[in-house]
Amino acid sequence: MKTKVAIIGAGPSGLLLGQLLHLQGIDTIILEAKSPEYVLGRIRAGVLEQGFVDLLREAKAGERMDREGHVHEGFSISFAGKQERIDLKSLTGGKKVMVYGQTEVTRDLMDARAASGGVTIYGAENVELHDLYSDSPRVTFQKDGDLIEVECDYIAGCDGFHGVSRKSAPKDEIKTFERIYPFGWLGVLSRTPPVSEELIYACHERGFALCSMRSESLSRYYVQCALDENIDEWSDERFWSELKARLPKDVAERLVTGPSIEKSIAPLRSFVTEPMKFGRMFLVGDAAHIVPPTGAKGLNLASSDVYTLYHALRKTYSEGRADLLEKYSEICLRRIWKAERFSWWITSVLHKFDGDPFSARIQQAELAYYTGSLAGLTTIAENYVGLPYEPVE
Ligand code: APR
Ligand code: PHB
């Protein structure tokens, strides 16, 4: 098989890149290890920055998001018995976020790919990357027992944190930076109306909690939990009572509970790879970096990588601007580190750490200061709605 860009992974990064390139007449093949059903079974955050919303529309996959998504102009932080609203719209000169689940984004991108006739090979086993530093890299994989080779111009490694692409970079060329947090998130999805029209991030002495949503009748809630927590010990009743204990009293009283339709525990991690280009292979999204979920930056950060690679490839093919691909890592990493900083900060300030009493007081003072100062509120708001994408030129 032959293509211009071989894309490894059919998560949101791979599918979005494939769709944008397709619309420019740049041929791609996507290789995905799992089945479409498996990919759609993952539940992830659902807050989209304007940059992602624009890119999804440009990929002609934004129609359902525009119909069914909900624009949010603010969110709240509760701590020390108070609930402080962050008015995103007024603090950022009119910017907002879109609440629309990542699973739905993935489904819409899958449908757009199918309609455009792009090739996606699901169940691609033993994917291997070859000759990254030559002018004609190759990808091999197995499908139904056959060994298949894809010749290409470039490889986009969109295969997530556990994928093969990052592992294929030469060991002496790659640096990684990591922070593991000493807790996890226990998440529940339930067919109940959300407790509030806007998201509530709660910092409480029992630990962090988050009230989020997917629609008027579908809620997503989280509580901070221990890393070695056994999910079988978390009945729905225990989850609801722990969540209520961490929310402001009036919110807890309003909470509508019901059976969980999904319940899972996720660890929290910050992780960055430098560089993100290895010869003709580019790492994109979770393959290159991870943020803790507080602030919902994961998909939004993948989106600015896709934007940068898409425009660099587009201008390489249409204008011979291969110099732009050389700048891929530095352009991406400038924004990535800022989003890593925000995700780390908001995680640090909202969670319960088993630290010393001085640190606990500083954490409370930090929340009081940021939410009580226009400068502090503006800082939170401009990061939450998303920092600008750097032009690729
Ligand atoms: N070969 C082929 N495909 C692979 C391989 C492999 N060796 N390893 C992993 N994959 C596939 C996975 O099955 C998955 O479908 O790559 C895809 C990667 O998708 P994601 O993990 O969703 O990563 P990405 O597309 O970058 O999306 C970023 O996901 O984790 C969230 O917070 C994150 O929202 C962000 C988004
Ligand atoms: C979610 O809806 O799953 C969600 C929302 C906001 C976050 C994290 C997760 O910060």
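The values are calculated or read from the model by the stated rules, or taken from the named source; none is laboratory data. These numbers were taken from a predicted model, which means no experiment stands behind them. Don't worry about glycine lacking a Cβ; one is built from the backbone with ideal geometry, like all the others, and counts go over all protein chains shown. Just so you know, the surface numbers come from the protein's heavy atoms only, side chains and all, with ligands and any DNA or RNA stripped out. Shrake-Rupley method; radii C 1.70, N 1.55, O 1.52, S 1.80 Å.
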What single numbered condition from (1) touching a helix residue (DSSP H, G or I) at 6+ places or on another chain (Cβ under 7 Å); (2) surrounded by 19 or more Cβ atoms within 10 Å (Cβ to Cβ) fails to hold for V99? (1)
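Give, as residue ranges, the helices (runs of 4 or more DSSP H) completely inside segment 42-138 that count at least 2 residues that are within 16 Å of ligand 2 (Cβ to nearest atom) and modelled with pLDDT of 95 or more.
The qualifying helices (runs of 4 or more DSSP H) are 50-58, 63-68, 102-116.
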Matching residues, segment 173-222, being charged (D, E, K, R) and under 18 Å from the mean Cα position of the chain (by Cα): E178, R179, R214, R220
Matching residues in segment 20-60 (touching a residue at least 40 places away in the same chain (Cβ under 8 Å), under 30 Å from G93 (Cβ atoms) and over 15 Å from the mean Cα position of the chain (by Cα)) number 3
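Yes/no per residue for (1) basic (K, R); (2) surrounded by fewer than 22 Cβ atoms within 10 Å (Cβ to Cβ); (3) on the phi > 0 side of the Ramachandran plot; (4) near ligand 1 (Cβ under 8 Å from one of its atoms):
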site	(1), (2), (3), (4)
F282	no, no, no, no
D286	no, no, no, yes
P292	no, no, no, no
G295	no, no, yes, no
V306	no, no, no, no
L309	no, no, no, no
L313	no, no, no, no
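Given segment 141-208, what strands (runs of 3 or more DSSP E) lie entirely inside it while holding 3 or more residues that are open to solvent by 80 Å² or more (accessible area, probe 1.4 Å) and farther than 19 Å from T3 by Cβ?
On the way: elements: 146-151, 154-157, 175-190, 200-202.
Answer list for segment 141-208: 175-190.
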Take segment 109-121 and flag every residue that is touching a Lys or Arg at 6+ places or on another chain (Cβ under 7 Å) and either under 16 Å from S35 (Cα atoms) or among the aromatic types (F, W, Y) (or both). T120, I121
Residue check: is L350 open to solvent by less than 40 Å² (accessible area, probe 1.4 Å), among the hydrophobic types (A, V, I, L, M, F, W, C) and under 28 Å from R191 (Cβ atoms)? yes
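Please go through segment 213-233 and give me each residue that is of a type in the set (S, T, Y), open to solvent by 10 Å² or more (accessible area, probe 1.4 Å) and closer than 26 Å to A368 by Cβ, ordered by number.
Within segment 213-233, the subset of a type in the set (S, T, Y) is 215, 217, 219, 221-222.
Then keep just the ones that are open to solvent by 10 Å² or more (accessible area, probe 1.4 Å); that gives 215, 217, 222.
Result: Y222, single match.
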Filtering segment 38-58 down to residues that are buried (at least 20 other Cβ atoms within 10 Å of the Cβ) and of a type in the set (F, W, Y) yields F52
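R220: of a type in the set (K, R), within 16 Å of ligand 1 (Cβ to nearest atom) and at pLDDT below 95, yes or no? I'd like the intermediate steps shown before the answer.
Values: of a type in the set (K, R): yes; within 16 Å of ligand 1 (Cβ to nearest atom): yes; at pLDDT below 95: no.
For R220, the condition - of a type in the set (K, R), within 16 Å of ligand 1 (Cβ to nearest atom) and at pLDDT below 95 - is not met.
Has segment 3-14 got at least one residue that is in contact with a Phe, Trp or Tyr (Cβ under 6 Å, 6 or more places away or on another chain), within 14 Å of ligand 1 (Cβ to nearest atom), more than 26 Å from S264 (Cβ to Cβ) and among the hydrophobic types (A, V, I, L, M, F, W, C)? Can you show your working first?
First pass over segment 3-14, keeping only residues in contact with a Phe, Trp or Tyr (Cβ under 6 Å, 6 or more places away or on another chain): 5.
Imposing the further condition that a residue be within 14 Å of ligand 1 (Cβ to nearest atom) reduces the set to none.
Within segment 3-14 (the criterion being in contact with a Phe, Trp or Tyr (Cβ under 6 Å, 6 or more places away or on another chain), within 14 Å of ligand 1 (Cβ to nearest atom), more than 26 Å from S264 (Cβ to Cβ) and among the hydrophobic types (A, V, I, L, M, F, W, C)), the answer is no, since none of the residues qualifies.
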Here is a list: G69, G81. Which entry is surrounded by 20 or more Cβ atoms within 10 Å (Cβ to Cβ) and away from ligand 1 (no atom under 14 Å from the Cβ)? G69
If you scan segment 2-23, which residues turn out to be open to solvent by less than 10 Å² (accessible area, probe 1.4 Å), assigned to a strand (DSSP E or B) and not hydrophobic (A, V, I, L, M, F, W, C)? none
One residue is enough: does segment 321-342 have a residue meeting the conditions of a type in the set (G, A, S), in contact (Cβ under 8 Å) with a residue 12 or more places away in the chain and in a helix (DSSP H, G or I)? yes
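With the requirement that a residue be open to solvent by 30 Å² or more (accessible area, probe 1.4 Å) and without any contact (Cβ under 8 Å) to a residue 12 or more places away in the chain, what does segment 236-268 give you? Steps first, answer last, please.
Step one: of segment 236-268, the residues open to solvent by 30 Å² or more (accessible area, probe 1.4 Å) are 236-238, 241, 244-245, 249-250, 253-254, 256-257, 259-267.
Answer for segment 236-268, where residues must be open to solvent by 30 Å² or more (accessible area, probe 1.4 Å) and without any contact (Cβ under 8 Å) to a residue 12 or more places away in the chain: E237, R238, S241, K244, K249, D250, E253.
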